[in-house]
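Trainee: Got a structure here, written out as structure tokens. Questions coming.
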Amino acid sequence: MTRVAAIDCGTNSIRLLVADADPATGSLTELDRRMKIVRLGQDVDRTGRLAPEALERTFAACREYAEVIRELGVEAPARLRFVATSASRDAENREDFVRGVVGILGVEPEVITGDQEAEFSFTGATKELGGAGDGASPFEEPYLVVDIGGGSTEFVVGDGTVRAARSVDIGCVRMTERHLVRDGEVVDPPTLGQVTAIKADIAAALDLVEETVPLHEARTLVGLAGSVTTVAAVALGLTSYDPAAIHHARIPVEKVREITGDLLTSTHEQRAASPVMHPGRVDVIAAGALVLLSIMERTGARDVVVSEHDILDGIAWSVAADAH
């Protein structure tokens, strides 16, 4: 067993996983998993820069995570990997971000490509689905893993290994800031014109994805990240967010369509009243749900298998592999 720590810093959230990994058995024993909404990608789509207040929110979370990593006895920085995704790739002042992280955690954040992001997501989401080809798993291969982030969405098709992957800029924060913000405030509920504009962006992005990723060959759609898990929690009628109930739940496309419609016609107060809604997702969940629904309609998926294990787990496995 190797004790490892993985940090995934995305456009909307920063997350930590500390786990004991055993590559020989394929088991990952979770010791601590936590998430903070820091909105690192605040206004990046408009300004091209990371905002000072967004950086400070992120560094505050890093300081908390550094303490957890120390308390749990992770050999840092050797057994710690910090991966930064869409917002960090896009920002002109990303070096300010890098210096801050190094100063707090002692490890340099890896600003990975969209393809790398996709591979980590695929590993994290599918390692436990049973891709041995022996017919024992209820999840049919090939898988289409879709990771709907804040700034981008990753698409990966594979059957044990990645066959094709593509990252496109249709994350829930980016779509919200691009189309649903007027005079600095999110429009609640959005107008038909705004929703149509988001759909057009998503459709164009899916056209790009289909140039290299065989979306229609997949037999199982696996959905990752907060937009998907929140839609699942609503669909399941949970009275509080329960990862165990959400993990590997199958949500039919009809239910996703119904929930997306409700989110797109609701106000901030109505969305915030949901017992499963994280405060940091209230303003961006409608756009995220619309991305998910659009993907399901484009691929003809009858349902989405929701995974609580994602890029963070894939990063942890990569640390364990390097240790061996």
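The values are calculated or read from the model by the stated rules, or taken from the named source; none is laboratory data. All figures in this text were calculated on a predicted structure; none of them were measured in a lab. In this analysis, Cβ positions are derived from the backbone assuming ideal geometry, glycine residues included, and neighbour counts consider all displayed protein chains. The protein model used for the area step is the full one, side chains on, heavy atoms only, and it has no ligands, DNA or RNA in it. Shrake-Rupley method; radii C 1.70, N 1.55, O 1.52, S 1.80 Å.
Trainee: For residues that are assigned to a helix (DSSP H, G or I) and modelled with pLDDT of 85 or more, tally how many sit in the stretch 84-128. Full working, then the answer.
Mentor: Going through the stretch 84-128, the residues assigned to a helix (DSSP H, G or I) turn out to be 86-90, 94-105, 114-126.
Checking which are modelled with pLDDT of 85 or more leaves us with 94-105, 120, 122-126.
Residues flagged as assigned to a helix (DSSP H, G or I) and modelled with pLDDT of 85 or more within the stretch 84-128 amount to 18.
Trainee: Quick one: how many residues across the stretch 50-78 are on the phi > 0 side of the Ramachandran plot and part of a helix (DSSP H, G or I)?
Mentor: First, pick out the residues of the stretch 50-78 that are on the phi > 0 side of the Ramachandran plot: 73.
Now drop any that are not part of a helix (DSSP H, G or I), which leaves none.
Total meeting the criteria: 0.
Trainee: Taking the stretch 180-217 as the region of interest, how many residues are assigned to a helix (DSSP H, G or I), open to solvent by less than 50 Å² (accessible area, probe 1.4 Å) and touching a residue at least 40 places away in the same chain (Cβ under 8 Å)?
Mentor: The number of residues fulfilling the criteria is 8.
Trainee: Go through (1) more than 20 Å from Asp313 (Cβ to Cβ); (2) open to solvent by 10 Å² or more (accessible area, probe 1.4 Å); (3) touching a residue at least 24 places away in the same chain (Cβ under 8 Å); (4) of a type outside the set (A, V, I, L, M) for Thr58 and report which single condition fails.
Mentor: Here Thr58 clears every test but (2).
Trainee: Let me ask something else about it. Would you check if there is a residue in the stretch 218-225 being buried (at least 20 other Cβ atoms within 10 Å of the Cβ) and part of a helix (DSSP H, G or I)?
Mentor: Applying the first criterion (buried (at least 20 other Cβ atoms within 10 Å of the Cβ)) to the stretch 218-225 yields 218, 220-225.
After this cut, where a residue has to be part of a helix (DSSP H, G or I) as well, the list is none.
Looking through the stretch 218-225, none of the residues is buried (at least 20 other Cβ atoms within 10 Å of the Cβ) and part of a helix (DSSP H, G or I).
Trainee: List the number of the failed condition for Ala321; all other conditions in (1) free of Cβ contacts under 8 Å to residues at least 60 places away in the same chain; (2) surrounded by fewer than 16 Cβ atoms within 10 Å (Cβ to Cβ) hold.
Mentor: Every listed condition holds for Ala321 apart from (1).
Trainee: Can you run down the residue pairs with Cβ atoms below 7 Å, 6 or more apart or on separate chains, where the first is in the stretch 236-251 and outside any loop (DSSP other than H, G, I, E, B) and the partner is of a type in the set (Gly, Ala, Ser) and at pLDDT 95 or above?
Mentor: Ile246/Ala232; Ile246/Ala233; Ile251/Ala232; Ile251/Ala235
Trainee: Could you tell me how many of the residues in the stretch 151-163 are open to solvent by 10 Å² or more (accessible area, probe 1.4 Å) and either more than 16 Å from Glu210 (Cα to Cα) or of a type outside the set (D, E, K, R) (or both)?
Mentor: Keep residues of the stretch 151-163 that are open to solvent by 10 Å² or more (accessible area, probe 1.4 Å), which gives 159-163.
Cutting the leftovers down to either more than 16 Å from Glu210 (Cα to Cα) or of a type outside the set (D, E, K, R) (or both) gives us 159-162.
Number satisfying all stated conditions: 4.
Trainee: Exactly one of (1) assigned to a helix (DSSP H, G or I); (2) more than 22 Å from Ser121 (Cα to Cα); (3) open to solvent by less than 50 Å² (accessible area, probe 1.4 Å) is unmet by Ala233. Its number?
Mentor: Every condition holds for Ala233 apart from (2).
Trainee: How many residues does the stretch 39-92 hold that are among the polar types (S, T, N, Q) and in contact with a Phe, Trp or Tyr (Cβ under 7 Å, 6 or more places away or on another chain)?
Mentor: Kept after step one, since they are among the polar types (S, T, N, Q), are these residues of the stretch 39-92: 42, 47, 58, 85-86, 88.
With in contact with a Phe, Trp or Tyr (Cβ under 7 Å, 6 or more places away or on another chain) added as a condition, the list becomes 88.
So the count comes out to 1.
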